[in-house]
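The values are calculated or read from the model by the stated rules, or taken from the named source; none is laboratory data. This one's a predicted model, so the numbers in the text were calculated from it and none came from an experiment. Positions of Cβ are generated from backbone atoms using ideal geometry, with glycine treated the same way; all protein chains shown enter the neighbour counts. Keep in mind that these areas ignore ligands, DNA and RNA; they rest on the heavy atoms of the full protein, side chains included. Shrake-Rupley method; radii C 1.70, N 1.55, O 1.52, S 1.80 Å.
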Amino acid sequence: ARAVVPLGIYGVLVNCLPAERVPACLAELKSVAPYIPVGAYANAGWMNRDGTWEPSLGADPVAYAEAADEWIRSGARIVGSCCGTTVGHICHLRKRIDATLAMN
């Protein structure tokens with residue numbers, strides 16, 4: 001983020017990391033780029049060195065969408081999903097975002 005902010009970027013995101021690691025990363029991005037939109041595309045787990053998949057909190061579409069609520073409350077303006085997520089993840093995410101927007 002420090003390297004690209006001076007280039008006039010429109011946003012900076014974290015990508016391809018377990019959902020539970022996003023809040024700390026967003027906090028770091030916001031400290032480096034306080035006036036640029038931040039966001040996250042988390043995944044549903046991670047690949048172990050032996051090639052097996054380790055599911056994380058993000059493996060469950062509902063839990064993923066709930067985690068994304070926290071990201072949005074902490075300042076994320078761009079959210080999506082990455083490795084191991086499905087259409088179900090995006091559907092639940094969209095429903096929660098729509099519900100939040102309807103309340104405001």
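Each principal axis of the Cα cloud of the stretch 39-90 was taken in turn, and the coordinate range along them, longest first, works out to 36, 19, 14 Å.
The mean sequence separation of alpha-carbon pairs under 8 Å and at least six residues apart, normalised by the residue count of the stretch 55-104, gives a relative contact order of 45 percent.
Can you list the residues of the stretch 65-104 with backbone N under 12 Å from a point 7 Å past the Cα of residue 16, pointing along Cα to Cβ? Taking a point 7 Å out along Cα→Cβ of residue 16, the residues of the stretch 65-104 whose backbone N falls under 12 Å are 82-84. When a 1.4 Å probe is rolled over the protein heavy atoms, the share of accessible surface on the stretch 58-104 that falls to carbon and sulfur comes to 60 percent. Once whole DSSP H runs in the chain are found, which of them have Cα atoms spread over 30 Å or more along the helix axis and a mean Kyte-Doolittle score of at least 1.6? Correct list, ordered by number: empty.
Among the chymotrypsin sites (Phe, Trp or Tyr not before Pro) within the chain, those in coil by DSSP and having at most 16 neighbouring Cβ atoms inside 10 Å are 10, 35.
For the chain, the calculated P(r) over all alpha carbon pairs, in 5 Å bins from 0 to the bin holding the longest distance, is 2, 13, 23, 21, 17, 13, 7, 2, 0, 0 percent. For residue 86 and residue 101, the difference between the fully extended length at 0.36 nm per residue and the C-alpha to C-alpha distance is 3.1 nm. If the chain linking residue 73 and residue 27 were pulled fully straight, counting 0.36 nm for each residue of separation and taking away their Cα-Cα distance, it would gain 15.4 nm. Based on Cα contacts under 8 Å between residues 6+ apart, the chain shows a relative contact order of 27 percent. Averaging Cα coordinates gives a centre for the stretch 54-81 and one for the stretch 1-40; these two points are 15 Å apart.
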